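What follows is a single structure, written as structure tokens, with notes after it.
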Amino acid sequence: MITLDKSTKELFSSFCINNNLTENMEQAIEYFTIFGGLDEKLDFTIPIKELIKKVVLVNYDTFRKEINQIIGGYGVEYAILSGIALGDRKTTTTFKRAHLSFEEGMKCVDNLLDTEIIEIESSQYFLLGKRNDTKTAKKLFFTVPFIRFWFGFISPIYKGIKEGNFEEFDKRYDNYMGEFAQFIFEELCLIFLQNYNFDDEIKQIGKFWDNNLQIDIVAKTKGDKLIVANCKYTNNKLKKSELNRLVDDCSNLQIDPDILILFSKSGFSSELKSLKSEKFKLFSVKHLKQLI
């Protein structure tokens with residue numbers, strides 16, 4: 001059964017507690033990216049791809065029926081949802097992938113918003129003291145990780161899965177899963193910052209993007225401090241170059257943040273750690289335990 005009535009923080013917390021994943025945050029994020037929102041206890045001693053096959057793929061018809069009931073089973077909506085799951089989430093590129101005009105696409109999005117499985121967000125120009133660029137496309141995102149996984153890895157190749165042939169799924173998983181988990185990591189980092197004690201409560205938080213660059217998280221405190229952060233879900237330690245990139249992006253946007261932050265799945269180089277200060281903070285995946 002798929003849970004639709006909880007926030008991402010609530011879903012993550014209950015997922016970790018119910019599945020005894022309160023200590024290993026790296027594993028928790030990996031499994032939450034796929035199974036988050038499923039209301040059942042899972043056996044995480046089984047290798048992840050085997051668990052997906054056991055829980056999801058062999059039960060394709062059962063999950064398809066439940067998702068059809070939620071969405072309505074219309075092909076156009078399915079095309080949009082698959083575009084959101086594996087694309088850049090922008091409305092313009094999502095509709096192009098689904099071969100829809102912008103007007104047709106937005107009508108479908110309005111219907112999907114009613115199901116509460118997706119939401120729409122705007123680039124946070126105002127947090128950076130910028131005038132909004134009306135040409136900047138809004139982005140769409142899934143509220144339930146499992147449904148996002150379904151439309152990224154199951155729905156587009158359903159024929160083979162339905163017939164019990166999982167070879168195409170294996171290739172798709174191997175090629176895209178690392179990149180796919182980046183979005184969930186960003187969402188959890190944003191929620192973490194929203195609740196982090198900066199001795200100055202955050203009043204507004206979101207993401208920034210334009211046609212040239214993006215910053216994963218931007219926030220303003222009640223004391224009007226500007227915070228910017230980037231999140232990297234990679235298997236390599238972050239180096240000073242990641243800080244330089246964030247500083248360069250801020251310079252290009254002509255903003256001077258009070259606090260810069262990097263989040264990393266795999267830790268940081270010694271050189272980067274030596275640069276930590278009140279203005280520059282580093283958070284590892286272990287810090288996300290505070291969300292439980």
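Table: residues versus (1) of a type in the set (S, T, N, Q); (2) buried (at least 16 other Cβ atoms within 10 Å of the Cβ).
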residue: GLU10; (1), (2): no, no
residue: ASN19; (1), (2): yes, yes
residue: ILE67; (1), (2): no, yes
residue: ILE71; (1), (2): no, yes
residue: SER82; (1), (2): yes, yes
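Per-residue answers, yes or no, for (1) outside the structural domain of LEU21 (by TED's automatic domain parsing); (2) farther than 20 Å from ASP114 by Cα; (3) modelled with pLDDT under 95:
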site: PHE35; (1), (2), (3): no, yes, no
site: ASP39; (1), (2), (3): no, yes, yes
site: LYS53; (1), (2), (3): no, yes, no
site: GLN69; (1), (2), (3): no, no, yes
site: GLY72; (1), (2), (3): no, no, yes
site: GLU77; (1), (2), (3): no, no, yes
site: LYS90; (1), (2), (3): no, no, no
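Please go through region 170-220 and pick out each residue that is small (Gly, Ala, Ser) and not in a helix (DSSP H, G or I).
Selection gives GLY206, ALA219.
Restricting to region 165-182, give me the number of residues that are touching a residue at least 40 places away in the same chain (Cβ under 8 Å) and under 14 Å from VAL56 (Cα atoms).
The qualifying residues number 4.
Which residues, counting only those in region 84-102, are touching a residue at least 40 places away in the same chain (Cβ under 8 Å), buried (at least 16 other Cβ atoms within 10 Å of the Cβ) and not basic (Lys, Arg)?
Correct list: ILE84, ALA85, LEU86, THR91, THR94.
Could you please let me know if PHE283 is buried (at least 16 other Cβ atoms within 10 Å of the Cβ), in contact (Cβ under 8 Å) with a residue 40 or more places away in the chain and not assigned by TED's automatic domain parsing to the domain that holds ASN24?
yes
Could you identify the single residue in ILE157, ILE147, ILE161 that is hydrophobic (A, V, I, L, M, F, W, C), farther than 27 Å from LEU253 by Cα, in a helix (DSSP H, G or I) and without any contact (Cβ under 8 Å) to a residue 40 or more places away in the chain?
Within the list ILE157, ILE147, ILE161, the selection yields ILE157.
So if I check each of LEU243, LEU260, which one is farther than 22 Å from MET25 by Cα, outside the structural domain of TYR125 (by TED's automatic domain parsing), touching a strand residue (DSSP E or B) at 6+ places or on another chain (Cβ under 6 Å) and not in a loop (DSSP other than H, G, I, E, B)?
Exactly one residue qualifies, and that residue is LEU260.
Could you look through region 240-269, keep only residues that are closer than 27 Å to GLY178 by Cα and hydroxyl-bearing (Ser, Thr, Tyr), and pick out the one that is surrounded by the most Cβ atoms within 10 Å (Cβ to Cβ)?
SER264
Can we say GLY164 is exposed (fewer than 13 other Cβ atoms within 10 Å of the Cβ) and modelled with pLDDT of 90 or more?
Yes; evaluated as a whole, the condition is true for this residue.
The values are calculated or read from the model by the stated rules, or taken from the named source; none is laboratory data. Note that the structure is predicted; figures quoted are calculated from it, not measured. All Cβ positions, even for glycine, are placed from backbone atoms using ideal geometry, and neighbour counts span all protein chains on display.
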